[in-house]
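Working notes, beginning with the structure itself.
Values quoted throughout were computed directly from the atomic coordinates according to the rules given, and no laboratory measurement underlies them. These numbers come from a predicted model, not from an experiment.
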Amino acid sequence: MKITLNRINDNYHFQLKNERGHIVELDNKTEFGGNDLAPSPMELLLMGVAGCSAIDIISILKKQRQEITSYKTEVEGIREQIEEAKPFKEITVTIFLEGNINEEKALKAVQLSFEKYCSVSKTLEPTAKINYKLNLNTQELK
């Protein structure tokens, strides 16, 4: 896996490209000298957690022939100051699923994603506590 980064402006606006040619932009917040034209690197990490777990959960539920009519995720990260860096110390992922979905299958899919399959959250797990919650058809389950 390889990513290339090219600087777009005189500040911190960058364009990143993967080997398949997909492009993502990145910037810094204005209070840190950026132009706030794209997500920050730390926001991209949270987006990675959301995307990785979504792929896992939807894949598991599709294999079980569950009908998903809506899927949404909210990810919140809490950071702590460690010397000059501010890594995440805790990340909470809330999944909102709607459709004709068995409650036990939904809970198991979410658990499997975070405890076994999601490479992004498994990468962050040694330094950040990963919490997850599931809302199924507007009812909070976990």
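Structure values in brief
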quantity	calculated
Length added when fully stretched, Q111-E67, from 0.36 nm per residue minus Cα-Cα	14.0 nm
Nearest 10 degrees, 0 to 90: helix 103-112 Cα axis against the chain principal axis	40
Cα gyration tensor shape for segment 66-109, rounded if a/c is under 1.5, else prolate or oblate	prolate
For volume of the Cα convex hull per residue in Å³, calculated from these coordinates, the label among [x] 141; [y] 100; [z] 91	[x]
Rel. contact order, % - alpha carbon contacts under 8 angstrom, at least six apart, the chain	17
Built amide H within the under 5 Å cut-off of L37, gap 5+	N28
Stretchable slack from Q81 to L44, in nm (0.36 nm times residue separation minus alpha-carbon distance)	11.4 nm
Percent antiparallel among DSSP beta bridges (both partners in segment 1-73, rounded to 5)	100
Calculated [θ] (222 nm, deg cm²/dmol) that DSSP helices of n ≥ 4 give over the chain, each run adding -39,500 (n - 2.57)	-8500 deg cm²/dmol
DSSP beta bridge pairing in the chain, given as percent antiparallel to the nearest 5	75
